[in-house]
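Q: Dropping the structure in here first, questions after.
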Amino acid sequence: MANEGASVVVADIDASAAARVAGDLGSRAVVAEGDVADESSVARMVETAVESFDGLDVLHNNASDASTAAADTDLVTLEMAVFDRLVAVNLKGVLMGCKHAIPQMLARGGGSIVNTASIDGVMGRGVRAAYGASKAGVVLLTKSVASQYGSRGIRCNAVAPGLVLTPAVAGLTHEKLELASRSYPMPRLCAPEDVANAVLFLASDEAAFVNGTTLMVDGGASIYMPSSQVAAAE
Ligand SMILES: NC(=O)c1ccc[n+]([C@@H]2O[C@H](COP(=O)([O-])OP(=O)(O)OC[C@H]3O[C@@H](n4cnc5c(N)ncnc54)[C@H](O)[C@@H]3O)[C@@H](O)[C@H]2O)c1
């Protein structure tokens, strides 16, 4: 978004990482440190945008706590504290982002919200039931916001990426990445820029009549049966 000329608030629980990103972007970026699971933090993030840039046009709800992944494997052994944290960050955080951004957008005559869901929010994967449920909530929340505020000029859409090569998956071994890539009918895995471009489109006026949709950014994984590789090899 910054590359396309936007002034941005880089909001993250990790202040030094946010400062690094904002530093790379130059004077049109400011930092807001905060936990999206905490309502006063979310309110402060929105206030930072309004105070720094006189208003807010676009909100991208993207935070997720990757450290919960290792504890979100088998539903039967899942600690409820892990579930609570996942839902607090992934779902309540998105809801509170919308809650605090919408009044500011209404004051400017409209705006655009993009939420990051996941392929795990639309398909079962055999693990990460809590994460998947939180992301399925994001898909529905997106439709709710779109249907409630579309008539007042606020669009709300989501992206649902498959596996993306970000720091969150840096721990995956070469073998696991190789195995994962078999789920994708593509010659490569998803880069962060693939998701950023989809978010940018949904946020922009080019998507002026796109509202309430969840755009799969999964290289076709959700429409692909990996067993087709068997057929292709025959
Ligand atoms: N990487 C993937 O394979 C993948 C796939 C599908 C969806 N996603 C989604 O994409 C989004 C971005 O994920 P990523 O892969 O870039 O992860 P990441 O861990 O690299 O980045 C997530 C960012 O969120 C921040 N964060 C974590 N908890 C926070 C909190 N409570 N408040 C504020 N900031 C917080 C982290 O500090 C980090 O900067 C997430 O919503 C994730 O669920 C990722």
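Q: So how many residues does the stretch 65-79 have that are under 23 Å from the mean Cα position of the chain (by Cα) and of a type in the set (A, V, I, L, M, F, W, C)?
A: 4
Q: Then there's this: Go through the stretch 3-17 residue by residue and tally those that are near the ligand (Cβ under 9 Å from one of its atoms) and either on the phi > 0 side of the Ramachandran plot or open to solvent by 40 Å² or more (accessible area, probe 1.4 Å) (or both).
A: The qualifying residues number 4.
Q: With the requirement that a residue be more than 11 Å from the ligand (Cβ to nearest atom), open to solvent by less than 60 Å² (accessible area, probe 1.4 Å) and touching a residue at least 40 places away in the same chain (Cβ under 8 Å), what does the stretch 115-137 give you?
A: Ala129, Ala130, Ala133, Gly137
Q: So which residues in the stretch 23-38 are buried (at least 16 other Cβ atoms within 10 Å of the Cβ) and more than 9 Å from the ligand (Cβ to nearest atom), if there are any at all?
A: Those that are buried (at least 16 other Cβ atoms within 10 Å of the Cβ) and more than 9 Å from the ligand (Cβ to nearest atom): Leu25, Ala29, Val30, Val31, Ala32.
Q: Follow-up question, since we're still on this one. So which residues in the stretch 62-102 are over 21 Å from Leu141 (Cβ atoms) and away from the ligand (no atom under 15 Å from the Cβ), if there are any at all?
A: Thr73, Asp74, Leu75, Val76, Thr77, Leu78, Glu79, Met80
Q: If I ask for residues that are among the hydrophobic types (A, V, I, L, M, F, W, C), open to solvent by 60 Å² or more (accessible area, probe 1.4 Å) and in a loop (DSSP other than H, G, I, E, B), which ones from the stretch 166-207 would you list?
A: Ala170, Leu172, Met186
Q: Is there a residue being closer than 27 Å to Ile154 by Cα, of a type outside the set (Gly, Ala, Ser), assigned to a loop (DSSP other than H, G, I, E, B) and out of contact with any helix residue (DSSP H, G or I) (no Cβ under 9 Å at 6 or more places or on another chain) anywhere in the stretch 55-77? Walk me through it before giving the result.
A: Step one: list which residues in the stretch 55-77 are closer than 27 Å to Ile154 by Cα, which gives 55-64.
Filter once more, keeping what is of a type outside the set (Gly, Ala, Ser): 56-62.
If we keep only those that are assigned to a loop (DSSP other than H, G, I, E, B) as well, we get 56-57, 62.
Filter once more, so that each one left must be out of contact with any helix residue (DSSP H, G or I) (no Cβ under 9 Å at 6 or more places or on another chain): none.
No.
Q: Next question, about the same structure. Tell me yes or no: at least one residue of the stretch 151-158 is outside any helix (DSSP H, G or I), at pLDDT 95 or above and within 14 Å of the ligand (Cβ to nearest atom).
A: yes
Q: Just a yes or no: is a residue in the stretch 142-163 open to solvent by 40 Å² or more (accessible area, probe 1.4 Å) and within 30 Å of Glu79 (Cα to Cα)?
A: yes
Q: Being over 15 Å from Pro161 (Cα atoms) and either touching a Phe, Trp or Tyr at 6+ places or on another chain (Cβ under 7 Å) or not in a helix (DSSP H, G or I) (or both), is that true of even one residue in the stretch 93-104?
A: Looking through the stretch 93-104, at least one residue is over 15 Å from Pro161 (Cα atoms) and either touching a Phe, Trp or Tyr at 6+ places or on another chain (Cβ under 7 Å) or not in a helix (DSSP H, G or I) (or both).
Q: Can you tell me which residues in the stretch 181-224 are closer than 21 Å to Ala136 by Cα and of a type in the set (A, V, I, L, M)?
A: Scanning the stretch 181-224 gives Val195, Ala196, Ala198, Val199, Leu202, Ala203, Val210, Leu215, Met216, Val217, Ala221, Ile223.
The values are calculated or read from the model by the stated rules, or taken from the named source; none is laboratory data. The structure presented is a predicted model; accordingly, all values stated were derived computationally and were not measured. Reconstructed Cβ throughout: ideal geometry from the backbone, glycine too, with neighbour counts over all protein chains shown. These accessible areas exclude ligands, DNA and RNA; they are computed on the full protein's heavy atoms, side chains included. Shrake-Rupley method; radii C 1.70, N 1.55, O 1.52, S 1.80 Å.
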